[in-house]
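Following: one structure in structure tokens, then a few remarks.
The values are calculated or read from the model by the stated rules, or taken from the named source; none is laboratory data. Keep in mind the model is a prediction, meaning the values are calculated, not measured. When we count neighbours, we look across all protein chains shown, and the Cβ atoms used for this are built from the backbone with ideal geometry, even at glycine.
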Amino acid sequence: MAFNDAANATVPIRPAASVIIAAKTRQGTGKGSDYKILMLKRNNRGQFGSLHVFPGGRVDHFDQDPRWLDILPKSMIEQHKKTSKIPLAFRIAAVRETFEESGVQLFDPPLKLSLEEAEKWRSKVHRSAKNFLELCEMTSSAPDITRIVHFACWVTPKGAPKRFNTHFFIAVMPSSRAPEGARYAADGKETLEMAWLTPNEALARFRRYELNIISPQFVNLSELSRLSYDDLNNLVLSGGERQGIVRMAGEERGRSESGRLLVELLPGDEEHSESKDVKVKPGSRNRINSIFKTKDPNEKPDLEWEINIDLNEYSKRQERTAGLGLETATELCKLGAHVIITSRNDTRGKEAVARICDASGSRKVEYGVMENSSLRSADMFAQWFLSKNIKLYGLICNAGVGGNPNRPQKGIDETLIINHLSHFHLSRLLLDNLLQTKGSRLVNVSSEMGSFTFGRPDWTMMGRKEYYNSQYAYQLSKLANQLFTRELVRQLGPRANLYVNCVHPGVVNSTIWDKTRSNSDSLYNIITTSFMKFTSVSTQVGAMNQLFAATSPLIETDNIRGEYFVPILRKARVQRWARNDEVAKELWQFSLKAVDNLLKNE
């Protein structure tokens, strides 16, 4: 992962926010019937023309203005930091769009505006999100971001003329009935009609073709039909976000041969592309079936949500696929850095970039293709990067595997290639660029498992099939990360522009351990791998050490070089072989020869 402070990347998926507003009703009883939700009918322009939607729209750059940190009470900001995984701008946009499109006010303290003044401000906010900021500054009222709870996330399928990554929130009105009167109405511009409907009533109207909705609204309404008003109220009181949110990035398949079925695959379905990374059971279903009575392309279909998976469990798996690298890249983007990540192919790269942009609110991120098991691929990535002629501030060598179950085929262990040699080779290819930048950083991500090797390391042993053990191969590769750091610091000297350090992120709960399988059924391997998976920390915690080594001014002011940091932000003493200069030089010479041989044989 490389980063600097220039930006030239764009992503077609735009961030958006929407609010599902619920109000108690006295007429109905039971789940999906004892409360009403606000729905708006959009005008007939654009790809979402004439749809019935919840209030919402695009996140504007003014929603990310630093002045919001002065407008919002510190208690709100602290609660957001503790309970939310998405940027603050999404919540501000959600409150802004709700006020603009419906007149419903989610402010603390409440706005003290006359009906005429409120209408004028709605029109001004419609013209520019900057006016929403000015409204809050003028009235000393803040968007009450603690009243909206993160409920769902949907991404427009590929192929649409415009794509959005929309975060849906829930807000429960404090009154005993739905707001009404002249103050609450569609804005007459983007939205033309407003209706308060129970979830069950909305679904019934859709079945009668009286309501025009698409997948996100249909699934959200289906989920709401299983919840009571008290369920929603308790959810809002709990704060933050609902458990088990799955990022619903749909994939549409064409109509069936009969022309009467169109399927949108959702994450968790065994046929969804994400299932390659997030293991799902055979027969897993999470899809929207659009069912047509005829082959007429203009016919409105009936929708069916076919699901047999636990979304809460799947969301945990989906989150783990983000990995340490994506978490680190996201945080660097939040700091304003221009980030370049590596990806094995274009499909994964584009998806990763979209996820980082969504989570960070930044578009200063791009990807380059690099397969860590191929040093020739590292050559190509370095050539591509250097051709951009941009200043390189930092390089984080993070990619890795938890132990390859396959015995070596190239006369050298593939775990060592992926976890050490690819990093060693890429670092040397980009070293001159790094040295040109004062205060630049190189961070090698290692592990405490590097402390569990025995005897003087033999870098060729794991390349011999008769000795191969996947767990020990991983341990040796992590020791190599520490020794590489030591020897590079020695060669550069104490006055070099580049600061090189090594970090242990903790045992991080990511898919790295899903790929760890022993080539033997040794009890040691089974116990060790299981222990790591179930005593691990989140990727957010795991990223802290490498972010510190990559960005903290203390690294330069205190001249911190060649150190090893363990969670959280503590210097630690590495094992004796990792402190041995002679062994470090041996690894360097071995690595030079290994890289040369591998490149010749690729």
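Within the range 325-337, residues that are on the phi < 0 side of the Ramachandran plot have Cβ atoms under 8 Å from residues that are part of a loop (DSSP other than H, G, I, E, B) and among the hydroxyl-bearing types (Ser, Thr, Tyr) in these pairs: 333/362; 334/362; 337/393, counting only partners at least 6 apart in sequence or on another chain.
Please find, within the range 424-457, the residue that is modelled with the lowest pLDDT out of those that are among the hydroxyl-bearing types (Ser, Thr, Tyr) and in contact with a helix residue (DSSP H, G or I) (Cβ under 6 Å, 6 or more places away or on another chain).
Just the residues of the range 424-457 that are among the hydroxyl-bearing types (Ser, Thr, Tyr), to begin with: 427, 437, 440, 446-447, 451, 453.
Next cut, in contact with a helix residue (DSSP H, G or I) (Cβ under 6 Å, 6 or more places away or on another chain) only: 440, 446-447, 453.
Numbers: 440: 97, 446: 94, 447: 89, 453: 82.
The selected residue is 453.
Residues that are polar (S, T, N, Q) and not in a strand (DSSP E or B) were ranked within the range 425-448; the one that is farthest from the chain's Cα centre (by Cα) is 436. A Cβ distance below 6 Å, combined with a sequence gap of six or more or placement on separate chains, defines the contacts here; from the range 562-588, residues that are farther than 17 Å from residue 451 by Cα reach residues that are surrounded by 17 or more Cβ atoms within 10 Å (Cβ to Cβ) in the pairs 568/544; 569/548; 588/487.
Take residue 421 and tell me if it is out of contact with any strand residue (DSSP E or B) (no Cβ under 9 Å at 6 or more places or on another chain), modelled with pLDDT of 95 or more and buried (at least 22 other Cβ atoms within 10 Å of the Cβ).
Numbers: out of contact with any strand residue (DSSP E or B) (no Cβ under 9 Å at 6 or more places or on another chain): yes; modelled with pLDDT of 95 or more: yes; buried (at least 22 other Cβ atoms within 10 Å of the Cβ): yes.
So residue 421 fits the description; yes.
Which count do you get for residues in the range 291-315 that are under 14 Å from residue 219 (Cβ atoms) and of a type in the set (Val, Ile, Thr)? Here the count works out to 2. Report whether or not residue 462 is over 23 Å from residue 572 (Cα atoms) and part of a helix (DSSP H, G or I). So residue 462 fits the description; yes. Could you tell me whether any residue of the range 21-31 is within 29 Å of the chain's Cα centre (by Cα) and at pLDDT 80 or above? Scanning the range 21-31, I find at least one residue that is within 29 Å of the chain's Cα centre (by Cα) and at pLDDT 80 or above, so the answer is yes.
Residues that are small (Gly, Ala, Ser), surrounded by fewer than 18 Cβ atoms within 10 Å (Cβ to Cβ), modelled with pLDDT under 95 and within 18 Å of residue 593 (Cα to Cα): does the range 466-478 have at least one?
no
Among the conditions (1) within 19 Å of residue 329 (Cα to Cα); (2) in contact (Cβ under 8 Å) with a residue 12 or more places away in the chain, residue 552 misses just one, which is (2). Looking only at residues in the range 136-153 that are closer than 14 Å to residue 18 by Cα and among the hydrophobic types (A, V, I, L, M, F, W, C), the one that is surrounded by the most Cβ atoms within 10 Å (Cβ to Cβ) is 148.
Could you please let me know if residue 401 is assigned by TED's automatic domain parsing to the domain that holds residue 473 and outside any helix (DSSP H, G or I)? For residue 401, the condition - assigned by TED's automatic domain parsing to the domain that holds residue 473 and outside any helix (DSSP H, G or I) - is not met. Selection of the range 279-297 for residues being out of contact with any Leu (no Cβ under 9 Å at 6 or more places or on another chain), of a type in the set (Ser, Thr, Tyr) and surrounded by 15 or more Cβ atoms within 10 Å (Cβ to Cβ) yields only 284. Looking at 104, 125, just one residue is under 16 Å from residue 174 (Cβ atoms), buried (at least 16 other Cβ atoms within 10 Å of the Cβ) and in contact (Cβ under 8 Å) with a residue 24 or more places away in the chain, and that residue is 104.
Residues are listed down the side, and each one gets a yes or a no for (1) more than 29 Å from residue 582 (Cβ to Cβ); (2) out of contact with any Leu (no Cβ under 7 Å at 6 or more places or on another chain); (3) modelled with pLDDT of 50 or more; (4) of a type in the set (S, T, N, Q):
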site	(1), (2), (3), (4)
489	no, yes, yes, no
493	no, yes, yes, no
509	yes, yes, yes, yes
513	yes, yes, no, no
537	yes, yes, yes, no
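Can you say whether residue 373 is touching a residue at least 24 places away in the same chain (Cβ under 8 Å) and outside the structural domain of residue 481 (by TED's automatic domain parsing), as far as the supplied structure shows? Considered against the rule, which asks whether it is touching a residue at least 24 places away in the same chain (Cβ under 8 Å) and outside the structural domain of residue 481 (by TED's automatic domain parsing), residue 373 comes out as yes.
Kindly check whether there is at least one residue in the range 305-312 that is within 25 Å of residue 167 (Cβ to Cβ), surrounded by 23 or more Cβ atoms within 10 Å (Cβ to Cβ) and not assigned by TED's automatic domain parsing to the domain that holds residue 595. It would help to see each step written out before you state the result.
Step one: list which residues in the range 305-312 are within 25 Å of residue 167 (Cβ to Cβ), which gives 305-307, 309-312.
From what's left, surrounded by 23 or more Cβ atoms within 10 Å (Cβ to Cβ): none.
No, the range 305-312 has no match at all.
Just a yes or no: is a residue in the range 140-148 under 19 Å from residue 217 (Cα atoms) and acidic (Asp, Glu)?
We begin by selecting, within the range 140-148, every residue under 19 Å from residue 217 (Cα atoms); these are 148.
If we keep only those that are acidic (Asp, Glu) too, we end up with none.
Looking for residues that are under 19 Å from residue 217 (Cα atoms) and acidic (Asp, Glu), one finds none in the range 140-148, hence no.
Among residues belonging to the range 32-62 that are assigned to a loop (DSSP other than H, G, I, E, B) and modelled with pLDDT of 85 or more, point out the one that is nearest to the chain's Cα centre (by Cα). Steps first, please.
Start the filter on the range 32-62 by keeping residues that are assigned to a loop (DSSP other than H, G, I, E, B), which leaves 32-34, 43-51, 54-55, 59-60.
Within this subset, residues satisfying the condition of being modelled with pLDDT of 85 or more are 32-34, 51, 54-55, 59-60.
Working: 32: 31, 33: 34, 34: 35, 51: 29, 54: 24, 55: 24, 59: 17, 60: 20 Å.
Selected residue: 59.
Listed here are the strands (runs of 3 or more DSSP E) enclosed by the range 207-312 that have at least 2 residues being free of Cβ contacts under 8 Å to residues at least 40 places away in the same chain: 261-265, 286-291, 302-307.
Would you point out which residue out of 276, 300 is surrounded by fewer than 18 Cβ atoms within 10 Å (Cβ to Cβ), out of contact with any Cys (no Cβ under 6 Å at 6 or more places or on another chain) and modelled with pLDDT of 80 or more?
On the way: 276 fails: modelled with pLDDT of 80 or more.
Sole residue among the options that is surrounded by fewer than 18 Cβ atoms within 10 Å (Cβ to Cβ), out of contact with any Cys (no Cβ under 6 Å at 6 or more places or on another chain) and modelled with pLDDT of 80 or more: 300.
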